[in-house]
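Take a look at the structure set out below.
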Amino acid sequence: MGTAVIDARDLTKVYDGAGAETVALRGVTLRIDEGEYAAIMGPSGSGKSTLMHILGCLDTPTEGAYLLSGRDVAELDDYELAELRRTTVGFVFQAFNLLPRSTVMRNVIMPMLYTRVSHDERDDRAAAALRAVSLEEKLWTHRSNELSGGQMQRVAIARSLVNDPSLVLADEPTGNLDTATGDSVMDLFARLNAEGRTIVLITHEPDIATRTRRVVRITDGRIVEDAATADADIRQYGNGDGADSAVSPRVGDA
Amino acid sequence: MRFSDLISETLHSLTANKVRSGLTILGIVVGIASVIAMVAIGQGSQASIEQSIQAAGSNVLTVMPSAGGQSGPGVRMGAGSVESLTREDAESLAGLSLVTGVAPSSQGQGQLVAADANANAQFLGVTADYVKVKGLTVASGSFITGRDDEKNAQVVVLGATLAEDLFGESVDPVGKRIRSGNMLLTVVGVLKEKGTSGFTNVDSAAILPLSTCSRYVTGSEYLSSITLTIADEEQMDAAENSVSGLLLQRHGIASADYADFSIQNMADMLETVSSVTGTFTTLLAGIAGISLLVGGIGIMNMMLTTVTERTREIGLRKAIGADSSAISAQFLAESVTLTLIGGALGILTGWGIGALAASLLGASAIVTLDSVLLAVGVCAFIGIVFGYYPARRAASLSPIEALRYQ
């Protein structure tokens, strides 16, 4: 295999609640290499969201080491974590999280506001990203709340790509979309992966997981299965204890 | 974040909710405008009061007769109501080293009858030096001369207003005759308009030689005041002491407590009035400042609401790589922008209100660079102070919690 993008060793996460400790992760070791396309599956409360936050550098583990593109996250302060997110991770959210009153272009440019990219290069990169997600050019100047769900998610994916991240982290990216639109978004991910992007999806839907190339199943804070999709027992898992809270109702974007 | 991006993001989010931004700005406009207008009116009236005192000359001492014994027993009589000052007193005061000019005067009331008008006027009996000591200018003709005084000449110099009342605007009264009681006065001069200065309004006075006034108007040799000019404004106190000493000695009075005269020092008076009007201005500005404070709280309120409303946006921005300082800079920029826009409009509005109020009240309004700079400073300060807490709050949100916020 190639270079490790995600190198997590024995991650433990303990939340200090009022008087009660909640253990969300109990020793997760996971390595994902450049160019992989993996799904992290698990029911709610399994710790998959916590794992995603740590993988996306939004949170740090209580114990264990996490190296993202070779950098040890434990040694970074808030500013350096923000910088690492900015340069290394592209987030795609279930609820898209576009700025509703801003145009498509403005939304896609936003991650570059926090970098030193010049105005011209910004526009070029945003246009390239929007072309990569096949969004028609006439929509670029529309406000994002004028778009359909599938179009919004394409914009969100374009936004995740503009800083050329080594990892695209998508949290239930099809959760708010109907099946057909969800399929087209999954096609897009497959294409981006074929172009060499490293993509990690967090999902509870077996249908979505089957379209990736590797499945990591997590239950009660532990990895219980980690296999190539072809070999994984996804259907049974999905029909069995996969009773997640399903799709949460869509709320207005940020 | 680049500065140009910060500005662009700020304007973008402020225009997203125009009504709310507008009302918040209005709060600041009212605050700043009232401070500017109040200070302008206060400083305007202060300046006009000081000007009228200074017109009388700030290096001037006025000696007036007064009942002896400031702290003594018995009925105290008002200044000018007793007879204690004489021409001899005035002549001896002229010998003091610090005194550069002496103008004794007596006052009376009388009816003046010209060819086709008459007026009730204040008579001033003066000597030739009066014009110099009071800083008057003769518009046409000449002033009372020493010779007029020696000869009890029946001549008169008219104040500008009085001349107009008696002869109309276009006529030069010099050479004309006026009757008053059993005097037949020849007009020898007209004064240039001066405005109220100190306690006497020379514009509506009929000025006679002192001897003429004593004989025909007041019927008394006593003076109603002696005006002195002093060489050096810095030595007003010293001059006042020597004048007081000399007069006490001449009147045979042992202690200044029993003096039969009082001395008014224009410099002291100017100082007192300045400090009173200064306090008044500060008071007005203070009251106006309260509305500025309220405007500031309005900003904080709006920014806090905004932070809550945009929690998910903040979470998103952090997730895609904005650090805390970029988030707080953005919110701080929004509140500072609101206050600066409000401040600029407030300065203009305040200026307008000040000018309007001044023209209605007949006073003047002065907007100084100081008060504008102060207002701008206060605006920026308010923007930062009242924007800081909401900005900190936005920056300290955890991205995970913020993204989850519904």
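The values are calculated or read from the model by the stated rules, or taken from the named source; none is laboratory data. Every value quoted in this text rests on a predicted model; they were computed, and no experiment measured them. Virtual Cβ from ideal backbone geometry, glycine too; neighbours counted across all protein chains shown. Just the protein is used for accessible areas: all its heavy atoms, side chains included, with ligands, DNA and RNA removed. Shrake-Rupley method; radii C 1.70, N 1.55, O 1.52, S 1.80 Å.
Summing +1 for each Lys or Arg and -1 for each Asp or Glu among the other residues whose beta-carbon sits under 12 angstrom from that of B:ALA139 gives -2. Taken about its Cα centre, the protein assembly as shown carries a charge dipole of roughly 1180 debye when the Cβ of each Lys and Arg holds +1 and the Cβ of each Asp and Glu holds -1.
Using a probe of 1.4 angstrom and keeping all protein chains present, the accessible surface of segment A:106-208 works out to 38 square angstrom per residue.
Across peptide B:394-403, the mean count of Cβ atoms from other chains lying within 10 Å of each residue's own Cβ comes to 3.
Counting only C-alpha contacts under 8 Å and six or more residues apart, can you give the relative contact order of segment B:67-259 as a whole percent?
31 percent
Across peptide A:153-163, the mean count of Cβ atoms from other chains lying within 10 Å of each residue's own Cβ comes to 1.
Per residue of B:308-318, other chain Cβ atoms within 10 Å of the residue Cβ number 5 on average. Report the FRET efficiency, 1/(1 + (r/R0)^6), for B:LEU348 and B:GLN54, where r is their Cβ-Cβ distance and R0 is 35 Å, rounded to 0.05. Plugging the Cβ-Cβ distance into 1/(1 + (r/R0)^6) gives 0.65.
Peptides A:168-181, A:41-54 ranked from most to least packed by the mean count of surrounding Cβ atoms within 10 Å: A:41-54, A:168-181.
Report the calculated FRET efficiency for A:ASP10 and B:ILE287 (r = Cβ-Cβ distance, R0 = 51 Å), to the nearest 0.05. Plugging the Cβ-Cβ distance into 1/(1 + (r/R0)^6) gives 0.15.
Restricting segment B:138-215 to GluC sites (Glu not before Pro) that sit in a DSSP loop and have at most 11 other Cβ atoms within 10 Å of their own Cβ leaves B:GLU169. If both residues of a DSSP beta bridge must be in segment B:67-259, then about 75% of such bridges are antiparallel. Think of each Lys and Arg Cβ as +1 and each Asp and Glu Cβ as -1; about the Cα centre, that makes the dipole of chain B roughly 1700 debye.
I want the local charge near B:LEU223. Using Cβ-Cβ distances under 9 Å, sum +1 for each Lys or Arg and -1 for each Asp or Glu among the other residues.
-2
Just how far, in whole angstrom, is segment B:333-363 from segment B:141-204 if you go by their alpha carbon centroids? So the separation of the two Cα centres works out to 48 Å.
When the convex hull of its Cα atoms is viewed from all sides, segment B:67-259 shows a mean projected area of 11.6 nm².
Compared with the direct C-alpha span, the chain from B:LYS192 to B:GLN235 gains 12.5 nm at full extension, assuming 0.36 nm per residue.
Ranking A:TRP140, B:TRP351 from most to least accessible surface, computed with a 1.4 Å probe over the protein chains only, gives B:TRP351, A:TRP140.
Largest GNM mean-square fluctuation among B:ALA114, B:ALA205, B:ALA16, using chain B with Cα springs under 10 Å: B:ALA16.
Taking every C-alpha pair closer than 8 Å and separated by at least 6 residues, the mean separation divided by the residue count of chain B gives a relative contact order of 30 percent. Of the beta bridges in chain A, as assigned by DSSP with both residues counted there, near 60 percent are antiparallel. Ranked by the mean number of other Cβ atoms within 10 Å per residue, highest first, peptides B:122-129, A:25-32, A:152-159 order as A:152-159, B:122-129, A:25-32. One Cα centroid belongs to segment B:1-49, the other to segment B:211-234; the line between them spans 57 Å. Counting only DSSP beta bridges whose two residues both lie in segment A:152-235, roughly 60 percent are antiparallel.
Relative contact order, percent, of segment B:251-406 when contacts are C-alpha pairs under 8 Å separated by at least 6 residues?
Relative contact order of segment B:251-406: 39 percent.
Taking a spot 7 Å from the Cα of A:THR3 along the direction of its beta carbon, which residues of segment A:59-84 have an amide N less than 14 Å from it? Only A:68-72 pass the distance filter.
What is the local net charge at B:VAL171, summed over the other residues whose Cβ is closer than 15 Å to its Cβ (Lys, Arg +1; Asp, Glu -1)?
Net local charge, B:VAL171 excluded: -3.
Over chain A, the reciprocal of the mean inverse Cα-Cα separation, the Kirkwood hydrodynamic radius, stands at 18.6 Å.
Note on A:ASP78 and B:LEU26: with the Förster distance fixed at 45 Å, the Cβ-Cβ geometry gives a FRET efficiency of about 0.75. For chain B, the fraction of 1.4 Å probe accessible surface lying on carbon and sulfur atoms is 58 percent.
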